[in-house]
Amino acid sequence: MSDRYDVIVIGAGPAGYVAAIRCAQLGLKTACVDRWSDVKGKAALGGTCLNVGCIPSKALLDSSEKFHEVSHTYKLHGINVENVSMDVAAMMKRKSKIVTMLTRGIASLLKANKIDSVHAHGKLVSPGTVELYDVETNEKQGEITAGSVILASGSTPIELSSIPFHGDRIVDSAGALSFEEVPARLGVVGAGVIGLELGSVWNRLGAEVTVLEALYDFLPTADEEVAKEAAKQFSKQGLNIQLGARVESAQVSENGVEVTYTVDGEEARLAVDRLIVCVGRRPCTDNLLGESCGVELDERGFIKVDDNCLTGAANTYAIGDCVRGPMLAHKGSEEGVAVAERIANGTGHMNYETVPWAIYTHPEIAWVGQTEKDVSAAGGKCKSGKFPFAATGRAKAMEDTVGFVKVVADAETDRIIGVHIIGPHASELIAEAVVAMEYYASSEDLARTIHAHPTLSEAVHEAALSVDGRGIHRVN
Ligand code: FAD
Ligand code: AMP
């Protein structure tokens, strides 16, 4: 390991490791400092996303969805399976294997790109100077310097002081990815993306799940019709989602957790075996910034950056969950690429208007751009076209017909300004919409694009045709 670099990246989550790789590709001598350790105390790269986020949650969502399908939908295909059971330990082992494989994959990528991977806690003490501390003893190990520093320290779950985490009874999202058995009664605080995904996993495996959400609106940032359909489908699946339910406290006993919450000022109680608290995440900046390093935080604790991810300190950038914008892995990665290119070449590209969102429940939900409500709130005018999956041959063949695609276009120019999907493989289908928006496509462009038959993507095509009232497989 050297002590002088072109770039030091602090954090090896999807924002940091991607930034480091792009820096190295551009010929910059790069070090990536990350403190995450696995159960054996060894470095585990990939941050929240690989270790306790996107990847393990999707592994469990896929396992639990398969279990649910075998138990419920296989018979519709004429497949009779008896005595279906779930081996939770095997499911968890598979999840851990995937995580290990992928975190090791990042280590290999860093090595192949000749990036020095440093397992330590990093602290920016002044622009260009990073102190390194032992992850276990917290003792200072040394100091490295660089022309530029990229802060990619990520985020951690918010803990409510009224409901502190408690062993395996009251847990955060990471705890909920490691239950050793299916709890009979499970409470989830917060009906955000993470709460819904984790609630779905355990609900499919047989837990009685109650989700308590303080807001009266369900999925307020999603398209209203999408949110309504999602609420209907989740409740059909047995997820008991209580809106307007603000959790005030939770009492742990030998038998479980008693949760106290209020609905319209009235106190109510819920007894569960385990409680997952998913009330959001906060930027992680503990002991990251020396007093005179010049980097400032905003009132919510995020690192203050400009449109180019530059902080107030010279040649110091910040990206990913620790800065403003959606807390999504791909948003951080894209910022990472853009910042690396700015450092090397002076310019980089990041389009915040085309960051896709995805919720990996069943049905899946995905969107990009604005909703009709956003457009009218901003005083604009739009037109939209909608098409149900039930009218596509492929969804019928798959026995997966819930949901629809909605394309929103500017009323005057026809430019696509939003696409909203609820239904099978929505998280994959949204990519077409992102590409279309990135290329400033009109709904007419999408309508004139040939889509293979029979595919789910025909629903996107038909929704685009429907913007102009000319969907073929529906009565307009
Ligand atoms: P992180 O992934 O949090 O990585 C930051 C890294 O920096 C960590 O390794 C941390 O240990 C390290 N670090 C912090 N401070 C220091 C320091 N001072 N010195 C050294 N190292 C430090 N997003 C999606 O896009 N899709 C999903 O499906 C999805 N699912 C999710 C499911 C769950 C259960 C959770 C919790 C999150 C999910 N997310 C998902 C969000 C996603 O994980 C985050 O947006 C993403 O990980 C942010 O990347 P990041 O690199 O900014 O930070
Ligand atoms: P997200 O920010 O998308 O991760 O979602 C977190 C959700 O938790 C939000 O919808 C919040 O309204 C909800 N929430 C926060 N605090 C509470 C609380 N005390 N009781 C119930 N829901 C809460």
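Just to be sure I understand, how many residues within region 404-424 are open to solvent by less than 10 Å² (accessible area, probe 1.4 Å) and either under 14 Å from Ala222 (Cα atoms) or part of a strand (DSSP E or B) (or both)? Explain how you work it out, then say what you get.
Residues of region 404-424 that are open to solvent by less than 10 Å² (accessible area, probe 1.4 Å), as a first pass: 405-409, 416, 418-424.
If we keep only those that are either under 14 Å from Ala222 (Cα atoms) or part of a strand (DSSP E or B) (or both) too, we end up with 405-409, 416, 418-423.
So the count comes out to 12.
Please work out which one of (1) more than 16 Å from ligand 2 (Cβ to nearest atom); (2) crowded, with 21+ Cβ neighbours inside 10 Å; (3) not aromatic (Phe, Trp, Tyr) is the condition Gly53 fails and give its number.
Gly53 satisfies all of (1) more than 16 Å from ligand 2 (Cβ to nearest atom); (2) crowded, with 21+ Cβ neighbours inside 10 Å; (3) not aromatic (Phe, Trp, Tyr) except (1).
Within region 364-390, which residues are within 21 Å of Asp414 (Cα to Cα), part of a helix (DSSP H, G or I) and open to solvent by 20 Å² or more (accessible area, probe 1.4 Å)?
Glu372, Lys373, Asp374, Ser376, Ala377
Could you give me the residue pairs with C-beta distances under 6 Å whose first residue belongs to region 105-130 and is under 12 Å from Ala31 (Cβ atoms), whose second residue is outside any strand (DSSP E or B) wherever it lies, and which are 6+ apart or on separate chains?
Asn113/Ile21; Asn113/Ala24; Ile115/Ala20; Ile115/Ala24; Asp116/Met1; Ser117/Leu110
How do the strands (runs of 3 or more DSSP E) wholly within region 68-145 filter down when requiring 1 or more residues that are out of contact with any Asp or Glu (no Cβ under 9 Å at 6 or more places or on another chain) and in the same structural domain as Gly11 (by TED's automatic domain parsing): which remain? It would help to see each step written out before you state the result.
Numbers: elements: 116-119, 121-126, 129-133.
Correct list: 116-119, 121-126.
Any idea which residue in region 95-139 is farthest from Glu180 (Cα to Cα), counting only those that are touching a strand residue (DSSP E or B) at 6+ places or on another chain (Cβ under 7 Å) and acidic (Asp, Glu)?
Going through the qualifying residues, I end up with Glu131.
Looking at region 132-161, which of its residues are among the hydroxyl-bearing types (Ser, Thr, Tyr) and open to solvent by 50 Å² or more (accessible area, probe 1.4 Å)? Walk me through how you get there before you give the answer.
Step one: list which residues in region 132-161 are among the hydroxyl-bearing types (Ser, Thr, Tyr), which gives 133, 137, 145, 148, 153, 155-156, 161.
Residues satisfying the conditions are Thr137, Ser161.
Identify, by number, the condition in (1) touching a helix residue (DSSP H, G or I) at 6+ places or on another chain (Cβ under 8 Å); (2) open to solvent by 40 Å² or more (accessible area, probe 1.4 Å) that Arg204 doesn't meet.
(2)
Would you confirm, using the coordinates I've provided, whether Leu215 is within 27 Å of Leu50 (Cα to Cα) and touching a residue at least 12 places away in the same chain (Cβ under 8 Å)?
Values: within 27 Å of Leu50 (Cα to Cα): no; touching a residue at least 12 places away in the same chain (Cβ under 8 Å): yes.
Here the answer is no, as Leu215 does not meet what is asked.
Given the condition within 14 Å of ligand 2 (Cβ to nearest atom), open to solvent by 40 Å² or more (accessible area, probe 1.4 Å) and either over 11 Å from Arg169 (Cβ atoms) or more than 28 Å from the chain's Cα centre (by Cα) (or both), answer yes or no: does some residue in region 250-261 qualify?
Looking through region 250-261, none of the residues is within 14 Å of ligand 2 (Cβ to nearest atom), open to solvent by 40 Å² or more (accessible area, probe 1.4 Å) and either over 11 Å from Arg169 (Cβ atoms) or more than 28 Å from the chain's Cα centre (by Cα) (or both).
Restricted to region 324-363, and to residues that are among the basic types (Lys, Arg) and out of contact with any strand residue (DSSP E or B) (no Cβ under 8 Å at 6 or more places or on another chain), which residue is most open to solvent (accessible area, probe 1.4 Å)?
Once the filter is applied, the top-ranked residue is Arg324.
The values are calculated or read from the model by the stated rules, or taken from the named source; none is laboratory data. Please read all numbers here as calculations on a predicted model, not as lab measurements. Using ideal geometry, Cβ is built from the backbone for each residue, glycine included, and neighbour counts are taken over all protein chains shown. The accessibility values were calculated without ligands, DNA or RNA, using every heavy atom of the protein model including side chains. Shrake-Rupley method; radii C 1.70, N 1.55, O 1.52, S 1.80 Å.
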